[in-house]
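Where a number appears in this text, it was derived from the coordinates with a stated rule and is not lab data. All values derive from a computational prediction rather than experimental measurement. Positions of Cβ are backbone-derived with ideal geometry, glycine not excepted, and every protein chain shown enters the neighbour counts.
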Amino acid sequence: MSVFANPEVKKHTLILAIILLLFSSVTIAGLWSISDELKQNYVELSGSLVGTVLHQHPELEKEIVPLLTQGSNEQYMDEGLNILNAYGYNRQISPLLIPQLQEVYPRYILYSACCLLLLIGSLLGINYRYNQVLFGKIRRVTQYADQVIEGNLNLQMTETKEGDFSKLSHSLNRMRLIIQRHIHDLTKEKQFLVRLMSDISHQLKTPLASLMMYTEILAERPLTKEQQRMFLQNSEEQLERMNWLIQSLLKLAKLDVGAIQFQRTKGRLDQTVQASTELLHGMAEKHKVDVQVITKTESIMLHDREWLIEALLNLIKNAIEHTPEGGHVFVELERGSAVYKIHIRDEGGGIERADLPHIFERFYRGKNSKKTGSVGIGLSLSKSIVEGHYGYIDVQSERGKGTTFTIVFPVM
C-alpha cells in the first residue's frame, strides 16, 4: 500500500507543496524587484560616468559609449581595477560602502531573512499540526487497547477515512470481537464443566450407593445362594453402567478436543448398518422387540466403520429401550442422488415437543423418559460422530406415535 493512500500524508504533502510554491513565488518576485532596482542604479551610475567624462571631453562620445554597450574588455578591466584598488575600491569592498547599494542591500538582507523565517515558521507549524493529528490517533488507539485490556469489550473504534489507520482500526475491532468470542466460549466451557462435574457426580452417586448397599448386605447378612447371585448380578449391572458412562465420557472428551481422527475409508454402508443391529440382537431379544433392517441396495461411502457402528448402536439401543414388548424397531438405509439416509424408527411413546431441542445435550433426560438406566449421553456421542463424518441427525417424534431418527450423509 502506497504511503500516499493515507489522508494525513496526502493533506500534509499538499499543504507543504502549496507553502513551498507560495514561498518560491514571493522570493522570485522580491528578487526580481531588487534586481530591477539594481539595474536602474547601474544605468544611472553609467549615465553619470558618461556624462561627467563627455562634459569635459565631448569628442570621446563615440569611443566611451560602445564600452558600456558592448561589454567589458579583460585588458582594460584589469587596468581599471588596479587603478580603483589604489583608492580602496575593489571586489572585497563592503556593499554598504557603495553608494548605489547602500539602500538596496539592507532591504535585500531584510527581505531574505523575513522569507526564510516565514518558511521555517510555516514548516514548523505544519510539522506540529501533523504530529498533533498523528499522535492524537495513536493515543486513541492506545486508550482503546487499554479499555479492551480492562475488559470493556463493547467499545467500537471508528475510522471513516481510508488508510493505514482505518485498517488498524478494523483489525483492532476484529481482535476485540475475537477476544469477546473467546471469553464467551471460555465462560460457556466453564459453565459446561461445572454442569458436567455435577452431572457425573450425580450419575455415579446412584450406582456407587447401590454397590455399597449390595456389598454391605453380602458382607453382613446371611443369604441364600440365590440371593447372593441376585445381589452379585445387580452389582455387575451397576459396574457395567459406570464403565459405560466413563468410556462414553472419554470418547466424547477425545472427540471434543480433536484427539480422534476418523479413519474414513471406502466401505459398504449397508454392511455397517447390518453389523450394528446384529450386535444388539441379544438386547432386542431380552426386551422382546423385533428389529427389522431394510437395505435395498449396496451403498459405498467413505466412513470410519468402528466409530459409525458406535453411533448407530447408541441410536438403535435407544430405540429398543423405548419400544414396548412385542413392538418393532425399523432400521432403513436409503440412498438418494445427493445423500444417504439411515432411518431408525421405534414404536415407543414418542418425545415431548419441549424436549426435542434438548435431546442431544449431555445427561439430558426428558420428563417423560423411561427409567432404563440410561444416563443421557449416548445421543450426544452419536451426534458428535455423525458430524465428524460431515453429516447430521434429524428427529421427528409425536407423543404416542413413536420417534424417527434420520442420519443424513452427503454422497461424496
For Gln100, placing the label point 7 angstrom along Cα-to-beta-carbon and taking segment 32-66, residues whose amide nitrogen sits under 16 Å are 34-53, 65-66
How do Phe409, Phe192 line up, fewest other C-beta atoms within 10 Å first?
Phe192, Phe409
Compute the FRET efficiency between Ile246 and Ile179 as 1/(1 + (r/R0)^6), taking r as their Cβ-Cβ distance and R0 = 35 Å, and round to the nearest 0.05.
0.50
Between Tyr111 and Val65, what length in nm is gained on full extension when 0.36 nm per residue of separation is reduced by their alpha carbon distance?
13.0 nm
Just Leu68, Leu250, Leu208 to compare: in a GNM of the chain, with alpha carbon springs under 10 Å, which one fluctuates most?
Leu68
Taking the Cα-to-Cβ direction at Met212 and at Ile93 and moving 7 Å from each Cα, how far apart do the two end points lie in nm?
12.4 nm
Which percent of Cα pairs goes in each bin when the distances of segment 108-219 are cut into 10 angstrom slices starting at zero?
11, 20, 15, 13, 12, 10, 7, 5, 3, 2, 2, 1, 0
Starting with the fewest neighbours, write out Val50, Val411 ranked by other beta-carbon atoms found within 10 Å of each beta-carbon.
Val411, Val50
Determine the distance separating the Cα centre of segment 220-254 from the Cα centre of segment 305-327; give it in Å without decimals.
21 Å
Please rank His343, His184, fewest neighbouring Cβ atoms within 10 Å first, as an exposure proxy.
His184, His343
Would you mind checking the pairs Lys251/Lys286; Lys251/Lys383; Lys286/Lys317; Lys296/Lys341; Lys286/Lys341; Lys288/Lys317 and listing those with alpha carbons more than 18 angstrom apart?
Lys251/Lys286; Lys286/Lys341
Express in nm, to one decimal, how much length is gained between Ser48 and Asn154 on full extension, taking 0.36 nm for each residue of separation and deducting their alpha carbon distance.
29.5 nm
Bins of 5 Å, starting at 0 and running to the largest distance - Cα pair percent for segment 3-147:
2, 7, 9, 12, 12, 10, 8, 7, 6, 6, 5, 5, 4, 3, 2, 1, 1, 0, 0, 0
Show me 318-325, 77-84 ranked by packing, highest mean number of other Cβ atoms within 10 Å first.
318-325, 77-84
Stretched out fully, how many nm does the piece from Arg195 to Lys225 gain, at 0.36 nm a residue minus the Cα gap?
6.6 nm
Per the Kirkwood definition applied to all pairs of different Cα atoms, how many angstroms is the hydrodynamic radius of the chain?
32.1 Å
Using 1/(1 + (r/R0)^6) with R0 = 51 angstrom and r between the beta carbons of Lys205 and Leu134, what's the FRET efficiency to the nearest 0.05?
0.20
Calculate how steeply helix 225-256 sits against the longest principal axis of the alpha-carbon atoms of the chain, using the helix alpha-carbon long axis, and give the answer as 0 to 90 degrees to the nearest 10.
20 degrees
